[in-house]
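*Asks:* This structure is in structure tokens; I'll ask about it shortly.
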Amino acid sequence: MKATAIAPANIAFIKYWGKKDKALRLPRNDSISMNLSNATTTTTVDFSQDYVKDEIYYGNQKMDDGETGRVIDHLERVRRLAKKRLFARVITKNSFPKGTGIASSASGFAALTLAAAAASGLKLSAKQLSILARLGSGSACRSMSPGFVEWKAADSSNNSYAYSLYSEKYWNLRDIIIVVSEEKKSITSSAGHENAGSSIFFQARLENLPQRINKLKEALKTKDIKTFGNLAEEEAIELHAVMMTQKPPLFYWSSKTLEIIKYVHIWRKEGLPVYFTLDAGPNVHLICEEKQEKKVLQKIKNSGYKNMIINNPAAGAKIINKHLF
Ligand code: PMV
């Protein structure tokens, strides 16, 4: 009863922030994202009588009980659905550093969901898998489907799942993540969601979002990079304005975050169509079309930044045959 899955992280162009149901991880707003080809998690799950409790490893390092609660809760969900009582060994590894605002919980829970469901013999639809992943970590539901993905907020667990708007082949965008910090962030996004409503800007954000979502979907449909990029920037700034004004405030930016944002504006003035977005962390995601990639990389290098992860749009979570143990 062993299975292995690989799942991408995703970058949201319209971001999920705030929950209407904490336990069910039902978001306050719809969100739209793209899967990232070079920010992935691979996870092997083995359910067996050999284990007397769940054992969770990151690479070859056993994780202590404080870190594994959410993973074990998720295994429990799968066991309940599969009506099985076996404990599991889970080994997981990321292609990128954990806790840097590159959504390790998204790729992590997407890979865990698919591997655990397969290892326990569950036969679930894409919709059921997305719902199950959402219960582990909200944004993980978007990493289950290919390419460009939308997650509907909805009022019930059964209706809040993500689906593909376009496959990974639809638009050859790049997300070049400039990694400015590999430090683990002190406040997780899970904790941050809970205080979103305390920002005086939160309600205004919710009211304006449907309009922005429609415009972004239209720009995606017409592959209009200028409109798309401007909307993605506007959204990232607004999300961080909410974060910074919630109580207690969340400052994910570092001075380098702001430096890169200013560079992007200069590069655009010089005629290069490149835009930024941000996740729950200081790293900056530069969005451009494939044809601009070389120029953007050169600009980044000239400005002194070297640590980058270059992503294409990617497929969703999938089962692979090569196990980690
Ligand atoms: O799924 P979580 O709890 O890691 O929340 C993700 C929140 C953001 O990354 C800030 C935005 C998003 O939609 O990915």
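Laboratory data are not the source of any read-out in this text; all were calculated from the coordinates shown. In this text, all values refer to a predicted model and were calculated from it rather than measured experimentally. Reconstructed Cβ throughout: ideal geometry from the backbone, glycine too, with neighbour counts over all protein chains shown.
*Asks:* Can you flag which of Lys127/Lys226; Lys123/Lys322; Lys127/Lys291; Lys15/Lys215 are past 24 Å Cα-Cα? Show your work: numbers first, answer last.
*Replies:* Values: Lys127/Lys226 32 Å; Lys123/Lys322 21 Å; Lys127/Lys291 35 Å; Lys15/Lys215 15 Å.
Table pairs above 24 Å Cα-Cα are Lys127/Lys226; Lys127/Lys291.
*Asks:* Ok, one more. Taking region 56-115, which trypsin sites (Lys or Arg not before Pro) meet the DSSP loop condition and have no more than 11 other C-beta atoms within 10 Å? Each step should come with its number before you reach the end.
*Replies:* Working: sites: Lys62, Arg70, Arg77, Arg79, Arg80, Lys83, Lys84, Arg85, Arg89, Lys93, Lys98; in loops: Lys83, Lys84, Arg85, Lys98.
Those that pass, being in a loop and sparsely packed, are Lys83, Arg85.
*Asks:* Quote the relative contact order of the chain in percent (integer), defining contacts as alpha-carbon pairs under 8 Å separated by 6+ residues. Walk me through the numbers before you get to the answer.
*Replies:* On the way: 708 pairs, mean separation 85.0, N = 325.
Dividing the mean separation by the residue count of the chain yields 26 percent.
*Asks:* How big is the chain along each principal axis, measuring the range of its Cα positions in Å and listing the largest first?
*Replies:* That works out to 63, 39, 37 Å along the principal axes.
*Asks:* Would you compute, for the Cα atoms of region 234-291, the largest minus smallest coordinate along each principal axis and list the three values in descending order, in whole Å?
*Replies:* Largest to smallest, the principal-axis extents are 41, 19, 16 Å.
*Asks:* Nearest 500 deg cm²/dmol is fine: what mean residue ellipticity at 222 nm does the chain get from its DSSP H runs of n ≥ 4 alone, each adding -39,500 (n - 2.57), divided by its residue count?
*Replies:* Numbers: 8 runs with 117 residues, N = 325.
When only DSSP H runs of four or more count, the value is -11500 deg cm²/dmol.
*Asks:* Next question, about the same structure. Taking DSSP loops as anything outside H, G, I, E and B, show the longest stretch in the chain free of GluC sites (Glu not before Pro) there with at most 13 other beta carbons within 10 Å.
*Replies:* Numbers: sites that count: Glu182, Glu183, Glu270.
That gives 1-181 as the longest site-free run.
*Asks:* Here's another thing I want to ask about it. Quick one: in region 41-174, what % of C-alpha pairs are over 21 Å apart?
*Replies:* Numbers: 3679 of 8911 pairs.
Counting every Cα pair in region 41-174, those more than 21 Å apart make up 41 percent.
*Asks:* Using the membrane-span-like helix rule (whole DSSP H runs, Cα extent along the own axis of at least 15 Å, mean Kyte-Doolittle hydropathy at least -1.0), which helices of the chain qualify? Each step should come with its number before you reach the end.
*Replies:* Working: long enough: 65-82 (26 Å, -0.80); 104-119 (22 Å, 1.33); 126-136 (16 Å, 0.58); 202-221 (28 Å, -0.86); 225-245 (30 Å, 0.30); 255-269 (22 Å, -0.34).
Result, helices passing both filters: 65-82, 104-119, 126-136, 202-221, 225-245, 255-269.
*Asks:* If the chain between Ile320 and Lys262 were fully stretched, how many nm would it gain, using 0.36 nm times the residue separation less the Cα-Cα distance? Write down the numbers at each step before the final one.
*Replies:* Working: separation 58, 0.36 × 58 = 20.88 nm, distance 4.14 nm.
Gain on extension, Ile320 to Lys262, equals 16.7 nm.
*Asks:* Now a separate question. Picking from Phe109, Phe148, Phe201, which is most flexible by a Gaussian network model of the chain using Cα springs under 10 Å?
*Replies:* Highest fluctuation among the options: Phe201.
*Asks:* Right, another one. Hey, could you get me the Stokes-Einstein D for region 194-311, Kirkwood radius over alpha-carbon pairs, 4 °C and 1.567 mPa s, rounded to whole µm² s⁻¹?
*Replies:* Working: Rh = 15.4 Å.
The Stokes-Einstein estimate is 84 µm²/s.
*Asks:* Give, in whole angstrom and from largest to smallest, the semi-axes √(5λ) of the equivalent ellipsoid of region 82-240, with λ running over the eigenvalues of the Cα gyration tensor.
*Replies:* On the way: eigenvalues 159, 79, 66 Å².
Taking √(5λ) for each eigenvalue gives 28, 20, 18 Å, largest first.
*Asks:* Identify all aspartates and glutamates with a Cα-Cα distance to Lys185 below 15 Å; exclude those on the same chain that are fewer than 8 residues away in sequence.
*Replies:* Glu67, Asp279
*Asks:* Mind putting a number on the dipole of the chain about its Cα centre? Charges go on the C-beta only, +1 for Lys and Arg and -1 for Asp and Glu, and I need it in Debye to the nearest 20. Present the calculation step by step, with values, prior to reporting the outcome.
*Replies:* Values: 48 positive and 31 negative charges, 104 e Å.
Dipole about the Cα centre, nearest 20: 500 debye.
*Asks:* Then there is this: Test of the criteria: in region 27-91, which chymotrypsin sites (Phe, Trp or Tyr not before Pro) are in a DSSP loop and have at most 15 other Cβ atoms within 10 angstrom of their Cβ? Don't skip to the end; give the middle numbers.
*Replies:* On the way: sites: Phe47, Tyr51, Tyr57, Tyr58, Phe87; in loops: Tyr51, Phe87.
Qualifying residues, ordered by number: Tyr51.
*Asks:* Express as a percent, rounded to the nearest 5, the fraction of DSSP beta bridges in the chain (both residues included) that run antiparallel.
*Replies:* Details: 48 of 52 bridges.
In the chain, approximately 90 percent of DSSP beta bridges are antiparallel ones.
*Asks:* Computed over the Cα atoms of region 245-325, what is the ratio Rg over Rh, Rh following Kirkwood?
*Replies:* On the way: Rg = 16.3 Å, Rh = 15.0 Å.
Using Cα coordinates only, the ratio equals 1.09.
*Asks:* If you don't mind, another one. Simple spin-label model, 7 Å along Cα-to-Cβ: Ile187 to Phe251 in nm?
*Replies:* Placing both labels 7 Å along Cα→Cβ, they lie 1.2 nm apart.
*Asks:* For His240, His265, His74, His285, what ranking results if the residue with the fewest other Cβ atoms within 10 Å of its Cβ goes first?
*Replies:* Lowest to highest Cβ neighbour count: His265, His240, His74, His285.
*Asks:* Taking the Cβ of Tyr163 as the center, what net charge do the other residues with Cβ under 9 Å away carry, scoring Lys and Arg +1 and Asp and Glu -1? Don't jump to the answer; show the numbers that get you there.
*Replies:* Working: positive: Lys127, Lys152; negative: Glu150.
That works out to +1.
*Asks:* Sticking with this structure for a sec: Can you grab the distance from the C-alpha centre of region 224-295 to the C-alpha centre of region 74-126, Å, no decimals?
*Replies:* Between the Cα centre of region 224-295 and that of region 74-126, the gap is 31 Å.
*Asks:* Let me ask something additional. So which trypsin sites (Lys or Arg not before Pro) in region 1-53 pass both tests, a DSSP loop state and at most 15 other Cβ atoms within 10 Å of the Cβ? Before the final figure, lay out each step's value.
*Replies:* Numbers: sites: Lys2, Lys15, Lys19, Lys20, Lys22, Arg25, Arg28, Lys53; in loops: Lys15, Lys22, Arg25, Arg28, Lys53.
In loop regions of region 1-53 (DSSP not H, G, I, E or B), the sparsely surrounded trypsin sites (Lys or Arg not before Pro) are Lys22, Lys53.
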